[in-house]
Amino acid sequence: MMNKIFWIIFLTTTFSAKLNAQQTEKNKVSATFINPLRKGADPYITKNDGKYYTIFNEKGGFAVTESRYLTKFEKKEVVWTPPQDKWNSYNLWAPEIHYIDGKWYIYYAGSVHKGTPFYAQRAGVLESDSPFGPYTDKGKLYTGDDPQQKKDNCWAIDMTVLELKGKKYAIWSGWETLHDHHDVDQILYIAEMKNPWTLGKRVLLSRPERDWEKGDHIVLQEGPQILKRNDDVFIIYSTRGSWSEHYKLGLLRLENGKDPLNPISWVKSAKPVFQGTPTVHGLGHASMTTSPDDREYWIYYHSKAALEGGWDNREVYLQQFTFGKDGNPIFGIPNGRGEMKRPSGEVKLERAL
């Protein structure tokens, strides 16, 4: 009888100890994360049905990630690699993944030849029923001035999608005319989408005109990204040389109720809205999202790891931002490397598992 009582007490104590250990482990969930999140550039993130999806270049193709958290990946797969000897075999730049009308689309830039000069970049799109594929290549988008005849398809990179009042618009960085070199000014274009792989006539949306957008051997606007809050619609874009320490973000704000295809409907910020510091260099090509509980806004951006080096020397960061009384985003000063508080709702979500 004494042995039986002993074993009951022993098992009860052991079980309680395990429960306490599990509870202690839950309480050990870190309330902070470390910037930078990873090496890389041109970070894109989207939120769909409570999960975050990112996409970037890996193993010669595109890797997609899925997670309930902004600060770490839970799943990652290479979902597409380019074909050989095609228009999109090389120079795969700045992929984005979008959920449109029940399907997943990857927009990206590619080229028929490897490396410089980068004069053959064109926009392409892939389609799938799942973010992890398999993807069907829907081909090259026409981004020139003659969508009927499709003559002189023009240089295009960094395509993104604006959905507004039941319509969809493609926005990208392009050239006015074709060239056989890449030292060419880049400007932003917009076109209404007939479907996710067919565009209407392009409209010149914005060009670099302010002093803070100039200073390199070419002027450029690129990396357009959509930010929405209530009825406000913004395009956050990158300007100055992406290879330089001067890369920074500007803003276009759509006047309420105005036609997005009319350039005068968009008001440009008088100064940069997010730029580097003496310790954060070449900040740009950002995307924006909300925290898991939708209480906070966060910007997902890259900057140079050091002043030296070019495109291969960049890192990805997260930082919270707010909005001012005028409705415009306030990105503040980039914190750069270091420990930061995790987005609102992340710790609670992880402890609940």
Checklist outcome for this item: Between Ile100 and Lys201, the two model label points (7 Å from Cα along the beta-carbon direction) sit apart by a distance in nm of 2.1 nm
Checklist entry - Out of segment 248-351, which GluC sites (Glu not before Pro) are coil in DSSP terms and have no more than 10 other C-beta atoms within 10 Å? => result Glu308
Checklist outcome for this item: Pseudo-spin-label distance Ala305 to Glu192, built 7 Å along Cα→Cβ, given in nm, is 4.6 nm
Checklist entry - How much net charge surrounds Trp266 when only other residues with a Cβ under 9 Å from its Cβ are counted (Lys, Arg +1; Asp, Glu -1)? => result +2
Checklist entry - Hey, got the dipole for the chain? About the Cα centre, +1 on K and R Cβ, -1 on D and E Cβ, debye to the nearest 20? => result 1120 debye
Checklist entry - Expressed as a whole percentage, what fraction of the accessible surface of the chain belongs to carbon and sulfur atoms when a 1.4 Å probe is rolled over the protein heavy atoms? => result 50 percent
Next on the checklist: Multiplying the sequence separation of Tyr119 and Arg210 by 0.36 nm and subtracting their Cα-Cα distance, what value in nm do you get?
Outcome noted: 30.2 nm
Next on the checklist: Which order do you get for Val78, Val184 if you rank them by accessible area with a 1.4 Å probe, largest at the top?
Outcome noted: Val78, Val184
Item to check | Extension gain (nm, one decimal) between Gln148 and Lys271, 0.36 nm per residue minus Cα-Cα | outcome: 40.4 nm
Checklist entry - Net charge near His285, counting Lys/Arg +1 and Asp/Glu -1 over other residues with Cβ under 10 Å of its Cβ? => result -2
Item to check | Cα shape, segment 299-353, gyration tensor, a/c 1.5 rule | outcome: oblate
Next on the checklist: Per residue, how large is the accessible surface of the chain? Use a 1.4 angstrom probe and give square angstrom.
Outcome noted: 49 Å²
Checklist entry - So who's got an amide H within less than 5 Å of the one on Tyr69, skipping anything under 5 residues away but keeping other chains? H placed 1.01 Å off N, in plane. => result Tyr52
Checklist outcome for this item: So the angle from the long Cα axis of helix 2-27 to the longest Cα principal axis of the chain, reported in degrees to the nearest 10, equals 20 degrees
Next on the checklist: Order Asp216, Asp326 by their accessible area, 1.4 angstrom probe, all chains in place, largest first.
Outcome noted: Asp326, Asp216
Checklist entry - Going from the alpha-carbon gyration tensor of segment 208-352, what semi-axes, largest first and in whole Å, does one get by taking the root of 5 times each eigenvalue? => result 25, 23, 11
Next on the checklist: Skipping prolines and chain starts, which residues have an amide H placed within reach, meaning under 5 Å, of the one on Trp155, given they are 5 or more residues away or on another chain?
Outcome noted: Trp175
Item to check | Neighbour cut-off at most 14 other Cβ (10 Å), DSSP loop, GluC sites (Glu not before Pro), segment 70-167 | outcome: Glu74
Item to check | Contact order normalised by residue count of the chain, Cα under 8 Å, 6+ apart, percent | outcome: 15 percent
Next on the checklist: Within 10 Å of each candidate Cβ there may be at most 15 other Cβ atoms; applying that plus a DSSP loop requirement, which trypsin sites (Lys or Arg not before Pro) in segment 291-353 survive?
Outcome noted: Arg295, Lys325, Arg337
Checklist entry - Can you list the lysines whose alpha carbon is less than 22 Å from that of Lys151, not counting same-chain residues fewer than 8 positions off? => result Lys86, Lys138, Lys140, Lys194, Lys201
Checklist entry - Can you list the HN-Hα couplings for segment 165-170, worked out from phi with the Karplus curve (6.51, -1.76, 1.60; θ = phi - 60°), rounded to whole Hz and with x for Gly and Pro? => result 6, x, 10, 10, 10, 9
Next on the checklist: For the chain, what does the helix formula give at 222 nm: sum of -39500 (n - 2.57) over DSSP H segments with n ≥ 4, over the residue count, nearest 500 deg cm²/dmol?
Outcome noted: -3000 deg cm²/dmol
Next on the checklist: Given axes a ≥ b ≥ c from the Cα gyration tensor, I'd like to know whether the chain is rounded (a/c under 1.5), prolate (a/b larger than b/c) or oblate.
Outcome noted: prolate
Checklist entry - In a Debye calculation with equal point scatterers on the alpha-carbon sites of segment 161-229 and no solvent, what is log10 I(q)/I(0) at q = 0.24, 0.25 Å⁻¹? => result -1.09, -1.14
Checklist entry - When the chain is treated as a GNM, springs tying every alpha-carbon pair under 10 Å, which of Ser287, Ser111, Ser30 comes out with the largest mean-square fluctuation? => result Ser30
Item to check | In order through segment 92-103: 3J(HN,Hα) via Karplus (6.51 cos²θ - 1.76 cosθ + 1.60), integer Hz, x for Gly, Pro | outcome: 6, 10, 6, x, 10, 10, 10, 9, 10, 6, x, 10
Item to check | Exposure rank, largest accessible area first [Arg68, Arg38; 1.4 Å] | outcome: Arg68, Arg38
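The values are calculated or read from the model by the stated rules, or taken from the named source; none is laboratory data. In this text the structure is predicted, and so the values were computed from the model without any measurement. Backbone-built Cβ (ideal geometry, glycine too); neighbour counts: all protein chains shown. The protein model used for the area step is the full one, side chains on, heavy atoms only, and it has no ligands, DNA or RNA in it. Shrake-Rupley method; radii C 1.70, N 1.55, O 1.52, S 1.80 Å.
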